[in-house]
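K.L.:
My questions will all concern the structure given below.
The values are calculated or read from the model by the stated rules, or taken from the named source; none is laboratory data. Keep in mind that this is a model prediction, so the values were computed, not measured. All Cβ positions, even for glycine, are placed from backbone atoms using ideal geometry, and neighbour counts span all protein chains on display.
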Amino acid sequence: MATLWRFTLFLCMLLMACGGLSLASKEAKTRSSQTETGTHNTTEEGGHGAGPITTLPIVTWKWDHISVQYLVALWVLVCWLCKLLIEANHNVTNYIPESALLICSGFILGGMIWGADKVQTFSLNPTVFFYFLLPQIILDSGYHMPNKLFFTNLGAILIHAVIGTCWNAASLGLSLWGCHMGGAMGDLDIGLLQYLLFGSLMAAVDPVAVLAVFDQVHVNEVLFIIVFGESLLNDGVTVVLFNVFDAFVSLGGGRINAAEIIKGIVSFFVVAFGGSLVGIAFGILISLLTRCTKNIQIIEPGFIFVMGYLSYLTAEMLSLSAILSTTFCGVLCQKYVRANMDESSVQTVKYAMKVFANGSETIIFVFLGISAIDKVIWVWNTGFILLTVFFVFVYRFIGVFFLQWILNRYRLVPVELMDMVIMSYGGLRGAVAYGLAVLLDEKKIKEKNLMICTTLIVVYFTVILQGITMKPLVMWLKVKRAAVAEVSLLEKITNKMFNHTLVAIEDISGQIGDNYFRSKWRHFEEKWMTPFLMKPSARKKQDDVFDVFHQLNLKDAMEYVTEGERRGSLEFVRNDSAILDFKKKLEITDMIGFLCSRDHIPSVSLEMHEQTMKAMREPEAVDVHHLLDQHLYKSRKQYRHGFSRSDFKINRDEKEVQEIFQRTMRNRLESFKSAKMGVSPPKTLVKYSKKEQQEKVKTKRGNKELDSIHSTDFEFSEGDSASGYDSSYPSFSMRATYRPGGGIENPAFMPDLYPTDLLQEIPPWLAEGEPDSSMVAPSLRAQANLPNSPMEMHRLGLLPASTRSTDTKQMNNDQLPPPPTPPPPPPPSGHM
Amino acid sequence: MGSSSSISSAHLLRLYDRFESLDRDNRGCLSPDDFEALGGLAMNPIGGRIMEAFFSSGQDTVDFSSFVRILAHFRPTDRNRNKEGAQQELPSSRTRKLKFAFQLYDMDRDGKISREELLQVLRAMLGLQVTEEQLQSIAERAIQEADLDKDDAISFDEFKKSLEKTDIDTKMSVSFLK
């Protein structure tokens, strides 16, 4: 019902919009005729150039002033409304990709305009496309590019982009020419060079289309990055080929000699590398700029967009590859920008970029549809069109398979056959090809309309047909799924365990082979680039535990307040009867968590009304399967790559990582200490009393350092940041006894809660995790100086501010015997 | 070693490089510290168990041959060979993979997954929101489903049976260990 209403609403708006648009265009024509005829005296149609007025017009119709802007805004609105309508029903979008539906909406809209105007007043103007719609999409792609994945597969990407595109262009052009010579196309006035030109514009895989289709089909990341990277980097080749053949067509066949061809080849290198260099230069500029924008945090995000756009335009101005430039600008600056800028600015950039990119993509597809409804361009030549579609499809397959077969011999993780099929099938053409086709000069190329028409048909074929069938194909080609019988619990658990196992084995055995370059690059980066491009404070944050500890305390405090507010108020603090239980009673909160799915586990739980809480406990009959599904940790492999247009899922994963990590480090510390002290590690898991459970969590909170750092770039550089902290592990686990994140040791109200029988009951968060941890025992630190006076409270409270040095050195010397070997030197981070 | 693991020499070489890079103090064998230095393992819920799988019975160092032997479990099963018999000896055969997985559960190596052991695994892999009672009920149910001879523990055969529909070969293979 709701969809029906929405649909009718949309139709009305659409009709109004089209009516308005055609009315506007008609008015534009009539207005100009009116101004010629001279004076015109109505109050309605005054304004611009309507002749001298004779009386004060109260209201005037100022269409001329704002016609362009109005149309632009109106079109943007209409396109986005189309998207709204399409996304209303997810059943449809599961089968048909959104891009296809947008094109169809474009058909409808185009039909309306055509019906009103008898001529297509609106179409995808190449200027608008290349300068206003495309840059933000590319910038978004570059900024959210998973760098590690990208550079790992850079070889394959480059080979496909350069050689694959050249092969596509050459093969298509030559085959079409051959067919033309063979007479399959009837009477066409196209020469060999023009065929090659057509081939070159048709060859390029389009990043917009690839993103749009692959977004909804979650293929594995290597496959995606190869196709997507290829679609981005082939712009270098496309630009060169297009310009070279365009120039050749102008020069005419006779003047092409070896010199020109050599110049063509040279221009490729110049364009490609030049574009990349421009991008890198702008990336460095952005990074430097964000280093100094601390005082204007409010407009900090804007710089990224402006500079990104400038990089595009600069490359364009120098006739270099603009897409390459913007891509590398984004790729380079992402890390430093995220480090330098304030967190809210980073979020702003991320969301704004997605808005722009997604919005542009919508507009592009709608206009691709609209542009089709234009009688002028429809020149039908069966042979040409069908042969083009056929050749494009077939040569893509041939090219990809051949190249990948060669590449697989040198790859450590070969791409499977089925993946290759998807790679070939995913060679979608899109708006870039169309834009280039419209840019053709019709004086030189008589059959421009035919080419435009063909391009459009190829685009529709790939985006709509291949887009729709992509998902079924992906599913069909996979190993046939087992019958959807009830999966037993043990299977579920074991499956999950397999995932984790594989991740662990991959970690242990490492990314064999490219360690060397990666470690070299990392050294270079650490030594030269980071000091140059990153704010000193940001750099400090990167490798200094202290700031992390501070952030952890902040986070603890915030969780605490949230929890207090959820309970009503923080009034309990002064309430004697309330027990401020730092023992983190999850039992109560998790049930609530079930019911009202909160974001994070509070580190402190407040046992204010224990009776009522117990009553809320769910009955015994819990759906065990549901439980498993909800709570099994996702293994790292499942983390979705973050460059999907519409998904931002990060938070859950961080929490899981936190928990896992805490537990692991806790276990390690236990075994480490037991190894040192000769006490067997306790079987804490067997008798799992709640106390120990919470204690476990509490004691290892300090190790959240990695997680908060990971949280910023967990999606993309998990390997990177993790490896960077290898060195801190051994030392940190020893310092863990210091327990930096040891809860909210708020000096403000601790005195309230420290009754005189303090000595009997040491709060467990101060207690050292002794080998026999069934009994809560005070830590040496707590024993040495129990905080039972405000002064000491104060000292505890000062911990964040004071450096670790005083405490930890003391503690380390007190508590643990010096380690038998000196802590190993931090391994080169490339070992991850 | 060559016959038992049948890894190509190129891969062996790379594994050796990896072994050397992990072995930070160049003792020719790996100790738990070396594994612990891998950040990824710390973030893995069963990282500890995997680690222990490398340290066979009592020793606390892993030399290269053991390293490779364990990793060989994860080679993709060679599908060209379709004779079960020929495959039995290979570490990467389905049975051996299952055995490896079984041992990840069965820490005390008594040949059965007891309820306690299952609880331990569950505790490691499930989030902290899950209460003790819930864990117990999950373990209970899991054993019920898989336990055919009603001895309140899962033997290796029962384990194998309950996983017969699962595609072990892909789930427990790392493609670069061809």
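K.L.:
Tell me, please, whether a residue that is modelled with pLDDT under 90 and either surrounded by 15 or more Cβ atoms within 10 Å (Cβ to Cβ) or under 22 Å from A:Leu456 (Cα atoms) (or both) can be found in the range A:69-76.
P.N.:
Taking the range A:69-76 first, the residues modelled with pLDDT under 90 are none.
No, the range A:69-76 contains no residue that is modelled with pLDDT under 90 and either surrounded by 15 or more Cβ atoms within 10 Å (Cβ to Cβ) or under 22 Å from A:Leu456 (Cα atoms) (or both).
K.L.:
Please indicate, with yes or no, whether at least one residue in the range A:473-487 is crowded, with 18+ Cβ neighbours inside 10 Å, in contact with a His (Cβ under 9 Å, 6 or more places away or on another chain) and modelled with pLDDT under 80.
P.N.:
no
K.L.:
Determine the pairs where a residue that is at pLDDT below 90, located within the range A:79-97, has a partner that is outside any helix (DSSP H, G or I) with Cβ atoms under 7 Å apart, the partner being 6 or more residues away or on another chain.
P.N.:
Matching pairs, first to second residue: A:Thr93/A:Glu87; A:Pro97/A:Gln216.
K.L.:
So, one more: Look through A:Val266, A:Val205, A:Val239 and report the one residue that is under 30 Å from A:Ile96 (Cα atoms) and either under 26 Å from the mean Cα position of the chain (by Cα) or of a type outside the set (Ser, Thr, Tyr) (or both).
P.N.:
On the way: A:Val266 fails: under 30 Å from A:Ile96 (Cα atoms); A:Val239 fails: under 30 Å from A:Ile96 (Cα atoms).
Among A:Val266, A:Val205, A:Val239, only A:Val205 is under 30 Å from A:Ile96 (Cα atoms) and either under 26 Å from the mean Cα position of the chain (by Cα) or of a type outside the set (Ser, Thr, Tyr) (or both).
K.L.:
Just give me the residues in the range A:82-97 being in contact with a helix residue (DSSP H, G or I) (Cβ under 6 Å, 6 or more places away or on another chain) and in a helix (DSSP H, G or I), in sequence order.
P.N.:
Passing the criteria: A:Cys82, A:Lys83, A:Leu85, A:Ile86.
K.L.:
A follow-up question, please. Taking the options A:Met181, A:Met145, name whichever one is out of contact with any His (no Cβ under 8 Å at 6 or more places or on another chain) and not in a helix (DSSP H, G or I). Even if it seems obvious, please write down each step before you answer.
P.N.:
On the way: A:Met181 fails: not in a helix (DSSP H, G or I).
Of A:Met181, A:Met145, the one residue that is out of contact with any His (no Cβ under 8 Å at 6 or more places or on another chain) and not in a helix (DSSP H, G or I) is A:Met145.
K.L.:
Failed condition for B:Phe55, given (1) more than 11 Å from every other protein chain (Cβ to nearest Cβ); (2) over 13 Å from the mean Cα position of the chain (by Cα); (3) at pLDDT below 80, with all others met?
P.N.:
(2)
K.L.:
Give the residue that is nearest to A:Arg411 (Cα to Cα), with candidates limited to residues of the range A:201-248 that are aliphatic (A, V, I, L, M) and not in a helix (DSSP H, G or I). Spell out how you get there, then give the answer.
P.N.:
We begin by selecting, within the range A:201-248, every residue aliphatic (A, V, I, L, M); these are A:201-205, A:208-213, A:217, A:219, A:222-223, A:225-227, A:232-233, A:237, A:239-241, A:244, A:247.
Now drop any that are not not in a helix (DSSP H, G or I), which leaves A:204-205, A:217, A:219.
Numbers: A:Ala204: 25, A:Val205: 23, A:Val217: 25, A:Val219: 19 Å.
Applying the filter and picking the extreme gives A:Val219.
K.L.:
Going through the range A:292-333 one residue at a time, which ones are more than 28 Å from A:Val244 (Cβ to Cβ) and among the aliphatic types (A, V, I, L, M)? Step through it out loud before you land on a result.
P.N.:
First, the residues of the range A:292-333 that are more than 28 Å from A:Val244 (Cβ to Cβ): A:292-307, A:332-333.
Those that are more than 28 Å from A:Val244 (Cβ to Cβ) and among the aliphatic types (A, V, I, L, M): A:Ile296, A:Ile298, A:Ile299, A:Ile304, A:Val306, A:Met307, A:Leu332.
K.L.:
Which of the residues that make up the range B:149-178 are more than 7 Å from chain A (Cβ to nearest Cβ), buried (at least 16 other Cβ atoms within 10 Å of the Cβ), in a helix (DSSP H, G or I) and modelled with pLDDT of 80 or more?
P.N.:
B:Phe156, B:Glu158, B:Phe159, B:Lys160
K.L.:
State all residues of the range B:96-145 that are under 20 Å from A:Asn499 (Cβ atoms), more than 10 Å from every other protein chain (Cβ to nearest Cβ) and assigned to a helix (DSSP H, G or I); if no residue qualifies, say none.
P.N.:
Listed by number, the residues that qualify are B:Arg96, B:Lys99, B:Gln103.
K.L.:
Would you check which residues across the range A:293-309 are surrounded by fewer than 19 Cβ atoms within 10 Å (Cβ to Cβ) and without any contact (Cβ under 8 Å) to a residue 60 or more places away in the chain and list them? Steps first, answer last, please.
P.N.:
Here is the first cut: in the range A:293-309, the residues surrounded by fewer than 19 Cβ atoms within 10 Å (Cβ to Cβ) are A:294-299, A:302, A:305-306, A:309.
Selection gives A:Asn295, A:Ile296, A:Gln297, A:Ile298, A:Ile299, A:Gly302, A:Val306.
K.L.:
Shifting gears a bit: What number of residues within the range A:127-146 satisfy the criterion of being surrounded by fewer than 16 Cβ atoms within 10 Å (Cβ to Cβ) and either touching a residue at least 24 places away in the same chain (Cβ under 8 Å) or hydrophobic (A, V, I, L, M, F, W, C) (or both)? If you could, list the steps in order and put the result at the bottom.
P.N.:
From the range A:127-146, those surrounded by fewer than 16 Cβ atoms within 10 Å (Cβ to Cβ) are A:127, A:131-132; that's our starting set.
Filter once more, so that each one left must be either touching a residue at least 24 places away in the same chain (Cβ under 8 Å) or hydrophobic (A, V, I, L, M, F, W, C) (or both): A:131-132.
Going through the range A:127-146 one residue at a time, the tally reaches 2.
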